[in-house]
Amino acid sequence: MRIAIVNRDKCKPNLCAHECVKCCPVNKKGIECVTIAEGETPKAKIDEKTCIGCAICTKRCPFGAIDIINLPTIKEEDIVTRFGMNGFALYGLPLPKQGSVLGLLGRNGIGKSTAVQILAGKVIPNFGNISADAKLVSPKEHYKGTEYGKYFDSIEKNTKIAYKPQNLSSLAVNMVATELLTKLGSEEKIEKIAKELGATHLLKKNLSKLSGGELQKIAILAACLKEADIYFFDEPLAYLDIQERLNVSDFIRKVAEGKTVIVVDHDLLILDYLTEYLNIFFGQAGAYGLVSGIKSSTNGVNSYLEGFLREDNMRIRDAPLTFNFTKNKLSAGRLISEWPEFSKSFGDSEAKFKVDVQSGEIRENHVVGILGKNGTGKTSFVKCLAGLEEVEIKEDSTTHKGSARTTSRKLDLKMKISYKPQYLFTDSEEMVRDVMIKEKIPKHISSMFSLEVLYHKKIKTLSGGELQRFNIARCLAKDADIYLLDEPSAYLDVEERISCAKAIKDLMVEKGKTAFVVDHDLLLVSYLADSIIVFSGEPGKHGKSSEMYEFEEGISELLRQLDITLRKDKDTGRPRINKKGSVLDREQKEADDWAEF
């Protein structure tokens, strides 16, 4: 089977010489294969029935808008839905299991959210019938006589479905949270679920004023107010800190008792902890997606990292994603700078936040992981290191009364600093290519973050993941001594996160430089960090940094605060969270062994 994909965003017939039409050998024989559709926004069209799969057009297209893909193991009747002619195609669906949590794992743009929407009844699949006058068949009829048929039949009857969407922007409205939630459930149930999620303090707040993590909790609360048979959670862990991810995971597992739950997420460590089964999505992002058979969570994650699905006899990646836990000691590397003990305050007397930071040293060829709860000062810390905020410092000199004098000033580490902020908002009309040329981003860094596919896009049109990759590359390409990266994993899929961690680690070794990385993905931090700083305190009120720990000591300190233990997977070496109260969990806590690497 063969499919032809035309990326409508990249295809620009008004700016090219129609190379795809002129070079097609089928067209040269007088048979129509590649054409330019007429209209206000003309685009290339490829007839998949006459296409011979030579892929000459893919090489000649100046904008990289065409993909010709041969799928020898896929049958045409396996298609579930397709987004128009030469659009994305999804083959196969996961099958939910009652009383368990099913996880969906795969890259961005591979069909996970589409599959969830189909299973939730939000999208009606076309099963490849994309013509305007095609008569659509219901999923129940299409899958009649199969387990899928029973599932879709139950949806059409009396099965109740609750759905937590991926995009939270529709929730950020000018309305108090309780006004929205009381339309979905009783006040008693709202209070009960809010308490379990740690969201009671959000109920009287205006939704338009909430942060991403706070909106996430309200979205989960709203989905769970409905007494449903099937619950869908699309990326429920985004924007949440490690403690909140664990709390939400425990809550979802509780919801799954006697129900059916499907979860899509990119945090491998938490996804393994939360789910019992996995379906892996693979293929080519933006072109097509395939769904593996069902696997246990452990085998599923390991197979995904290995890049080979044994039961399906399918290789989904050229090389495995491996974990390198080689760490530099705190004393390793030349001392290049240090920061003094300082504090930073925000807000007025009624709503004041203060973070106290211990002094520390900066050594070359080193990556420092910064972990802790949201709202305890991690972002404030890196902003202060970058010299963007004034801080309060106790000077060595004292007054005649013997009390230390406090001064307010910006930190000056006497180093060149490159900073990637947490939130990436832009309305820039510049093209990615022009910025790359202007800022002299080298080819090897561009390749690390797959920026070639973004060349012809305007910065303001980039998706969250694309904008994240672009800004990390811009940060790392600058000539600096210290690199500060705040939440580089946000919006990235599993492969992008591990590639990002590897790139940061490799570039620090290559350049002999230092990076500070704030993130909530413990797996990513475990991959790249040599040492750890842990922030603790009461979120939104006060925060405090720890001293800089050796890697294992720092991770252990964080896990001790979270009351969880980590073990090392025997096959891949990746860290895994022990189930609370399990034999391994109890044994490691008794031995004060919170993490094994």
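The values are calculated or read from the model by the stated rules, or taken from the named source; none is laboratory data. All values derive from a computational prediction rather than experimental measurement. Backbone-built Cβ (ideal geometry, glycine too); neighbour counts: all protein chains shown. Surface areas here come from the heavy atoms of the whole protein model, side chains and all, with no ligands, DNA or RNA. Shrake-Rupley method; radii C 1.70, N 1.55, O 1.52, S 1.80 Å.
Listing for the model above:
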{"read-out": "Cα-based helix-to-principal-axis angle, 147-156 vs the chain, degrees rounded to 10", "value": "80 degrees"}
{"read-out": "Descending Cα extents along the principal axes, the range 1-146, whole Å", "value": "57, 33, 29"}
{"read-out": "Loop-resident sites, the range 172-271, for GluC sites (Glu not before Pro), counting at most 10 other Cβ within 10 Å (DSSP)", "value": "GLU227, GLU257"}
{"read-out": "Fraction in percent of alpha-carbon pairs per bin - 10 Å, the range 40-84", "value": "19, 48, 29, 4"}
{"read-out": "Share of carbon and sulfur in the accessible heavy-atom surface of the chain [1.4 Å probe, %]", "value": "48 percent"}
{"read-out": "Heavy-atom surface of the chain, accessible at 1.4 Å and reported per residue (Å²)", "value": "47 Å²"}
{"read-out": "Size descriptor, Kirkwood hydrodynamic radius, that averages inverse alpha-carbon separations across the range 456-540, Å", "value": "13.9 Å"}
{"read-out": "Neighbour net charge for ASP427 - beta-carbon separation under 11 angstrom, K R +1, D E -1", "value": "0"}
{"read-out": "Shape box of the range 384-521 [Cα atoms, principal axes, largest first, Å]", "value": "65, 33, 29"}
{"read-out": "Convex hull per residue volume in Å³, alpha carbons only, for the range 252-341", "value": "220 Å³"}
{"read-out": "Translational diffusion of the range 203-267, µm² s⁻¹ [Kirkwood Rh, Cα pairs; Stokes-Einstein; 4 °C; 1.567 mPa s]", "value": "104 µm²/s"}
{"read-out": "Between helix 551-562 and the chain: long-axis angle, C-alpha atoms, 0 to 90°, nearest 10", "value": "90 degrees"}
{"read-out": "Hydrodynamic radius (Kirkwood) for the range 296-365, which is based on Cα pairs only, to one decimal in Å", "value": "17.3 Å"}
{"read-out": "Gained length - VAL509 relative to GLU147, 0.36 nm times residue gap less alpha-carbon distance", "value": "125.1 nm"}
{"read-out": "Simple Cβ-charge dipole of the chain, Lys/Arg +1 and Asp/Glu -1, about Cα centre, in debye nearest 20", "value": "1160 debye"}
{"read-out": "Hz values of 3J(HN,Hα) by residue in the range 429-436 - Karplus curve (6.51, -1.76, 1.60), Gly and Pro given as x", "value": "8, 5, 7, 4, 4, 5, 5, 4"}
{"read-out": "Partnerless Cys - the chain, beta-carbon criterion under 4.7 Å", "value": "CYS11, CYS16, CYS23, CYS24, CYS33, CYS51, CYS54, CYS61, CYS224, CYS384, CYS475, CYS500"}
{"read-out": "Extent along principal axes [Cα atoms of the range 123-279; Å; largest to smallest]", "value": "49, 34, 28"}
{"read-out": "Tail weight of P(r) past 36 Å, computed on alpha-carbon pairs of the chain, percent", "value": "43 percent"}
{"read-out": "Accessible surface of ILE161 - all protein chains present, 1.4 Å probe, nearest 10 Å²", "value": "30 Å²"}
{"read-out": "Space enclosed by the convex hull of the alpha-carbon atoms of the range 506-597, per residue, Å³", "value": "122 Å³"}
{"read-out": "Most positive-pole-ward Cα, LEU268, TYR304, PRO340, against dipole of the range 233-347 from beta carbon charges", "value": "PRO340"}
{"read-out": "Helix 212-225 axis, angle to the chain major axis (alpha carbon atoms, nearest 10°)", "value": "60 degrees"}
